[in-house]
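The block underneath contains the structure these notes are about, expressed in structure tokens.
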Amino acid sequence: MLTKTATHTLECAHLVKRYGAQTVLHGVDLHVRDGQIVALLGPSGCGKTTTLRLIAGFELPDEGRILIGGRVITDRDTAVPVEQRQVGMVFQEYALFPHLNIADNISFGLRGTAREKAARVAEMMSLVGLAGLEKRMPHELSGGQQQRVALARALAPQPHVLLLDEPFSNLDTALRAQVRSEVKAILREAGITCVLVTHDQEEALSLADEIAVMFDGQIAQKADAQTLYQRPATRAVATFVGEANFLPATADGDRADCALGTIPLQEASHGAVSLMLRPEQLRLTMDGEGAWAIVRWREFYGHDQRVGIVLDSGETLVARTDGSAHFVIDEMVRVRLDGSARAFPESAT
Amino acid sequence: MTLARWRFFLLVSGLIVVLVTAPAGAQNTPQVVNIYSARHYGAIEAAFTAFTEATGIEVRLSQGSAQSILERLRAEGDQTVADAIFTIDAGGLSLAAEEGLLQPVESEILDEAIPADLRDPENRWFAVSQRLRTIMYNPETVDPSELSTYAQLADPMWNDRLCLRPATHIYTISLVGGLIEELGEEAAEAIVAGWVANNPQYIDSDTRILETIAAGGCDVALTNHYYLATLLDQDPDFPVRLFWANQGEEESGVFRNVSGIGVTTAALNRDNAIKLIEWMATEGQAADVTGIPGGNYEYPVNPEAELNPIIETFGEFKIDPIPLNEYGRYQDMAVALLERTGYGF
Amino acid sequence: MSLVTRSLTTIARPLAPAAQGRGFRLPRRLPILPLLIAGVITLPILLLAAELLTPKLDLWAELWSTVLPRMLGNTLLLMAGVGAGTLVIGTGLAWLVTAHQFPGRAFFDRALLLPLAMPAFIMGFVFMSLFDYAGPVQTAWRSLFGRSAPFPDIHAGGGAIIVMTLVLYPYVYMLARSAFREQASVTLEAARALGCGQTRAFWRIAIPMARPSLAAGAALALMEAMTDFATVRFFSFPTISEGVVRLWEGRMDRVAATELASLLMILALALLLVERQLRGRARYHQQGGKGRRPVRIALKGRRAWGAFAICALVLFAAFVLPVGQLILWAISEIDGHVPGTWETVYGQYVGNTFALAGIAAVLTVGVALLLAHSGRIWKSRLVSGLTRLSTMGYALPGSVIAAGVLLTIAPVDHQLNDWFGTGLLLTGSIVGLMYAYVVRFMAVAHKSVESSMDKVKPSMDEAARTLGARPLDILRRIQAPLVANGVLAALILVFVDAMKELPATLLLRPFGMDTLGIWAYMLAAESFWQAASIPALTIVAVGLIPVIILMRTGDRA
């Protein structure tokens, strides 16, 4: 059982980081509630790993401040050294100490008597489900096991915040889903404030309470998975999180006219807009209502399929439907929209 | 065992060790004499072993060059552990004596054993063996009648026939210093320039010089006498002969240097050091390895001592009477002279 | 449970408010440790350089009018001869064993490294005894061809050059060999496909590509040649290094010795500069690639035996002959042993040597660890510059370092003596010598330690820090154990190098602290070759340890 004595919210305010002339963080604000798991999601080079390293204290921001549990650990005048921050970290390549066995790896960060350490190690071993492997050396474990040792090692000293840097990228795809749910269970049980960096949206969506999507050194949107998917703040977020079709349209209040006809909008808008349509919102039928389109290609996945269609107006869309319907390439189908669309004002570009 | 018990155990056992060993250490003060020695190799160890067997006094040697011994003594002052210094050069001993680093020793045994010209006028140091640097020749190509003095080796007749030790070696420097002392700088320079003009082979080892003569590489050379004795001991037919230089009536005699020993001013084991010197001047004058001169085929300083049979064959000779404490006085001048004349190095 | 959890909550104590006050800002903090190390290591060199700014003109005039021209000429001649000799022999042998197949190739491939175990001065006195006028070779020559049959004069510098070439060619061989191995397969096959014969491939592909390695190898060989004073002394071929030692040890003229040492330092730094230029931007030694091994040209008939004979001849001359002669001498020394002679001091000298070399190894590797560790923590150009500065001692002759170290510690010594009456606390003890060893061997230790530290991923340091480990904890708990192998290699290399070191040891050893090397040198200088063979063989035997490790691990430099 884990006891918690204080709240450990993480607060990053206006973090700016420059490397020479290049600015990699343009004022990042991030708030993580006590016990919350937040994923930093974004393409490589977006600044998510830099943000994590600033929190850990490996690097210092040029502007901004970081607080844990309301205490400043980094600002213009303060830089609590890494080793005094009580921030745990799980590294991409785990960074287990190859010369120490599993138990010694886990107890590395512990203080106290040998007996206390041993008890804590045992507690962590059972938490991550590796009891009995104490005397193994890191290289004798599988990737998933190493991953859990890394987690146990980071959690053992009861850090205030846990940071995970691409924690699943070194695992086989087949293993990932399983390890992910194990890790999620462990993190839930530990109840720890947690920041996860990943470029894999699936990972972010399944693990995190909230996801902060980053582009070009800024957080574009921070929200729970559903909001993010259904109500992305920008086109970029919409594209990065899940698959999105965009269709030019003219909005007038809560409706818009486009190649698919008149469509209900999530929020009222006016003028030239770009509609975001998720592939599963597009219903394809052989008959019934909807605009005509030609099937251009088809990827069949079993329980569902992706179908590429071209509208009369020349726009290409991707639809995702269940696997039962049979579509023939170059044949005509009808397309209609389920639910409402999100409209982004058409920018100058 | 808990940590506390462990500490207790350590403490107790430490105490026991101290209690047991302390009185033992106090009772057995071993009889020792500490010597700073400039003699590096072989030959003297057997003699010191013999001394220890005879007296029960252990000889502890620290070795270094004569210069570093002096420097060490100066630096250590009263704190020195050295009871005596033993060098292969009278120059260093006289320097140490003049600087007050050595103390006078009054000993009837020494007065009797060592002639006055082989010790410091104030008895601060004593020579214990003598070596002589003289002419060596190949009897097949050189008739002894062709040889006479060091200076004569400058004669063009020895062109391409001479072997010399390089200018860098102390033996060469001392020899040239002797020439300066005896003949003055100008005459000495003329002699050395004559040697150089004879296109000598420079070989940085007396032994190798003698072996080169034997092999026919040169006909005459200057070396210390005992190198030949050593080689004759290994091979009685070794084809090189010794010629005592400067033996004519007008001439002053062959050049000498000595190994000597003096008691330091700060000696803690003064009596043991004196015992050692007395032993060196008497039993230690033996002609075999148990003697200081014997082990190295040097000449004893005690007129009573027997000669090693090999050096006995070298015959009678006269020695240049330069006072021993004059040695070293001309060293700097000799070095400069050697460099000026282009003597090899 | 409650007990454990309670203690654990104290482990996971909340951030103490004090921590904020103590917090520091990394970029503002100076890398004190590397600055300190680099400062201490470069101080002797800087002080020596400062001597050049205030030249004692009358002294230089005197040196110039007497011995300096000849010493300078000899030094340059030695450099040229050894440079050319090691390049020809080292490169030629490396090409032979990497690109050709012939009887004994696999054996020679490694065995040709053996001369690395042999200090030049030991080889020097063995060759001196064998090849001078009175030696067995010339004696046999005369008995075959008559008394006046001409034989090259080994004292004219030829002897010293040959001896040093034979001892030092392995540096070029080692680096050239691994360069040839790496480049070989693809490039050389491409060249052959373009109709380039083996000889042309060698001149037009292999040599230009290996140039950085060849330059590095020759530079290492020349640095060794430059530090030597004993071999050239045996062959009466005085160089500047010999002059420094002679003025210092023989005449106790430390002022003149220091001036001369500063001149030698300039030569050494010039050599370093030339090597950097020749090396260009290329890394001179990449670890063996995983590419295919080159197809070796199989030599047949006379050519195969010719290749065998060349390798065998070099190995014989550079290793079998000197070791064999040393063993023969040692046997006759032990046979005709007079009790109470060398065996009474042998143990003492072995003890001195091992103590000095051991302390030097521990000290040097310890400092190298701190340096490599700082390099990882700071990762700045300043620190890597400081590191490079701290490891330049390998290029400087031992006598130069000795002179610099004395300049550094003698004033401290005098000050201490004035205050506390400590006498020659530093100059009279092993402090000065250890200082010199650390300066001279830092590069050896650092290279070995750093390359093993590079295997420790930076994330391991970071992981340890997030777990609360302070920088020195990381060094002790993570880096040190992980680099244990590299540290062990560094310890062995420095130990053996210190054991073989002669000039700095001779000039700075504390009174009474004679080593096997000094002993062997002193005996050999008086032609007591049989007696010298015993310490010499001991040195060679210990020196073989790292060479054998090197031979086993293939091409680690």
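The values are calculated or read from the model by the stated rules, or taken from the named source; none is laboratory data. This one's a predicted model, so the numbers in the text were calculated from it and none came from an experiment. We place every Cβ from the backbone using ideal geometry, glycine too, and count neighbours over all the protein chains shown.
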Next on the checklist: Scan region A:40-53 and tell me whether some residue there is over 19 Å from the mean Cα position of the chain (by Cα) and either surrounded by fewer than 23 Cβ atoms within 10 Å (Cβ to Cβ) or of a type outside the set (Phe, Trp, Tyr) (or both).
Outcome noted: no
Checklist entry - If we scan region A:239-250, do we find a residue that is touching a Pro at 6+ places or on another chain (Cβ under 6 Å) and of a type outside the set (A, V, I, L, M)? => result yes
Item to check | region A:59-75, residues that are more than 8 Å from chain C (Cβ to nearest Cβ) and in a loop (DSSP other than H, G, I, E, B) | outcome: A:59, A:61, A:62, A:70, A:75
Checklist entry - If you scan region C:424-440, which residues turn out to be of a type in the set (Gly, Ala, Ser), at the interface with another protein chain (Cβ under 10 Å from one of its Cβ atoms) and surrounded by 19 or more Cβ atoms within 10 Å (Cβ to Cβ)? => result none
Next on the checklist: Report every pair of residues separated by at least 6 positions or lying on different chains whose Cβ atoms are under 8 Å apart, first residue within region A:109-133 and in a helix (DSSP H, G or I), second among the polar types (S, T, N, Q).
Outcome noted: A:116/C:7; A:117/A:107; A:118/A:107; A:120/A:107; A:121/A:107
Checklist entry - Somewhere in region C:99-122, is a residue of a type in the set (A, V, I, L, M, F, W, C) and within 14 Å of chain B (Cβ to nearest Cβ)? => result yes
Checklist entry - If you scan region B:184-217, which residues turn out to be facing chain C (nearest Cβ under 9 Å) and aromatic (Phe, Trp, Tyr)? => result B:202
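Filter region C:441-458 down to the residues that are within 12 Å of chain A (Cβ to nearest Cβ) and aliphatic (A, V, I, L, M) and list them by number.
C:456
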Checklist entry - For residue C:228, all conditions in the list (1) buried (at least 24 other Cβ atoms within 10 Å of the Cβ); (2) among the charged types (D, E, K, R); (3) at pLDDT below 75 hold save one; what is the number of the exception? => result (3)
Item to check | Single match in B:46, B:75, B:50, B:26 (criterion: assigned to a helix (DSSP H, G or I), under 17 Å from residue B:298 (Cβ atoms) and at pLDDT below 85) | outcome: B:46
Next on the checklist: Just to be sure I understand, how many residues within region C:54-70 are within 29 Å of the chain's Cα centre (by Cα) and either modelled with pLDDT of 90 or more or exposed (fewer than 15 other Cβ atoms within 10 Å of the Cβ) (or both)?
Outcome noted: 1
Item to check | Candidate set: region C:459-514, residues that are in contact with a strand residue (DSSP E or B) (Cβ under 9 Å, 6 or more places away or on another chain) and away from chain A (no Cβ under 14 Å); chosen: the one surrounded by the most Cβ atoms within 10 Å (Cβ to Cβ) | outcome: C:514
Next on the checklist: One residue is enough: does region A:149-172 have a residue meeting the conditions in contact with a Lys or Arg (Cβ under 8 Å, 6 or more places away or on another chain), buried (at least 23 other Cβ atoms within 10 Å of the Cβ) and more than 14 Å from chain C (Cβ to nearest Cβ)?
Outcome noted: yes
Checklist entry - Looking at region C:351-364, is at least one residue within 14 Å of chain B (Cβ to nearest Cβ) and outside any helix (DSSP H, G or I)? => result no
Item to check | When residues of region B:222-242 are limited to those that are part of a loop (DSSP other than H, G, I, E, B) and either touching a Lys or Arg at 6+ places or on another chain (Cβ under 6 Å) or not hydrophobic (A, V, I, L, M, F, W, C) (or both), the one nearest to residue B:195 (Cα to Cα) | outcome: B:239
Checklist entry - From the set of residues in region A:76-97 that are touching a residue at least 40 places away in the same chain (Cβ under 8 Å) and within 7 Å of chain C (Cβ to nearest Cβ), which is surrounded by the fewest Cβ atoms within 10 Å (Cβ to Cβ)? => result A:93
Item to check | Given (1) at pLDDT 80 or above; (2) assigned to a helix (DSSP H, G or I), number of the condition residue C:236 does not satisfy | outcome: (2)
Item to check | Qualifying positions in region A:326-345 - in a loop (DSSP other than H, G, I, E, B) and surrounded by 15 or more Cβ atoms within 10 Å (Cβ to Cβ) | outcome: A:327, A:340
Checklist outcome for this item: In region C:47-67, anything assigned to a helix (DSSP H, G or I) and either touching a Pro at 6+ places or on another chain (Cβ under 9 Å) or touching a residue at least 24 places away in the same chain (Cβ under 8 Å) (or both) is listed as C:47, C:48, C:49, C:51, C:52, C:59, C:60, C:63
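If only one of B:173, B:135 is assigned to a strand (DSSP E or B) and within 20 Å of residue B:206 (Cα to Cα), which one is it?
Result: B:135 is the single residue among B:173, B:135 that is assigned to a strand (DSSP E or B) and within 20 Å of residue B:206 (Cα to Cα).
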Checklist entry - Does region B:285-293 contain at least one residue that is more than 17 Å from the chain's Cα centre (by Cα) and either at pLDDT 90 or above or away from every other protein chain (no Cβ under 11 Å) (or both)? => result no
Item to check | Single condition residue B:275 does not satisfy, out of (1) outside any helix (DSSP H, G or I); (2) in contact (Cβ under 8 Å) with a residue 40 or more places away in the chain; (3) away from chain C (no Cβ under 13 Å) | outcome: (1)
Checklist outcome for this item: Filter region B:125-183 for residues that are under 30 Å from residue B:278 (Cα atoms) and of a type in the set (A, V, I, L, M); the one that is farthest from the other protein chains (Cβ to nearest Cβ) is B:127
Next on the checklist: Could you check region C:399-417 and list, in sequence order, the residues that are surrounded by fewer than 24 Cβ atoms within 10 Å (Cβ to Cβ) and either assigned by TED's automatic domain parsing to the domain that holds residue C:253 or aliphatic (A, V, I, L, M) (or both)?
Outcome noted: C:407, C:409, C:410, C:412, C:416
Checklist entry - Within region A:170-228, how many residues are part of a helix (DSSP H, G or I), within 19 Å of residue A:48 (Cβ to Cβ) and of a type in the set (Gly, Ala, Ser)? => result 3
